[in-house]
Amino acid sequence: MLASSDGLEVVAELAHTDEVPVVAARERPDAVVLDHALPGSLTVPDLCEKLGVAAPRSVVLVLLDRRGGALSTALARLAPRVGVLTTDATPWQLVDSVRQLIRGEPVLDAKVAVAALTARHNPLTDREREVLRLAADGAPAKEIAAQLYLSAGTVRNYLSRVIAKTGARTRIEAIRIAQGSGWI
């Protein structure tokens, strides 16, 4: 869709967050469009920070679902270099938002702004969110531990704290609560 728009050229399509800073440093794009659900070890705010170093002249448009309240609050602080749009935006809105960011204008979707304003306070630490995000992808404690350079016992402790903080009874319920609140 973006490639067929006048004046826009797509230089790469990537499937993992870890690839984005490397390719951005090489290609030096005017804009980077990120789907919040892109798999990888980097969180969207961390990725935006890394892009600021790897490609300092690039602007970033993050596509979030409506529930991304806590995440959109963190990203709103990075405006106008980072814009936020919902994943259900029309193709025209997507193209227009990319062009707005390139012109230096802020982009913050009204639906995402409302979600950010009405989001519950996030009680989870960055590390707890990171562990829970990997657990939500189905990774067992041993695999999460290996990815994050932790012991399996430490991962289990993080998951126990997440369950307690969310008021959940199980890991699955904690994941649902955190996703529903926009914390992961």
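The values are calculated or read from the model by the stated rules, or taken from the named source; none is laboratory data. Computed from a prediction, not measured in an experiment: that's the story for all the values here. Note that we place each Cβ from the backbone using ideal geometry, even for glycine, and neighbour counts take in every protein chain shown.
Selection over the stretch 151-184 of residues that are modelled with pLDDT of 90 or more and outside any helix (DSSP H, G or I) gives a count of 5. With the structure loaded, tell me whether Val60 is under 17 Å from Arg133 (Cβ atoms), outside any loop (DSSP other than H, G, I, E, B), modelled with pLDDT of 90 or more and in contact with a helix residue (DSSP H, G or I) (Cβ under 8 Å, 6 or more places away or on another chain) or whether it fails that test. Taking the combined requirement at face value, the residue does not satisfy it.
With respect to the conditions (1) in contact with a Phe, Trp or Tyr (Cβ under 7 Å, 6 or more places away or on another chain); (2) assigned to a loop (DSSP other than H, G, I, E, B); (3) among the basic types (Lys, Arg), Arg129 lacks only one, and its number is (2).
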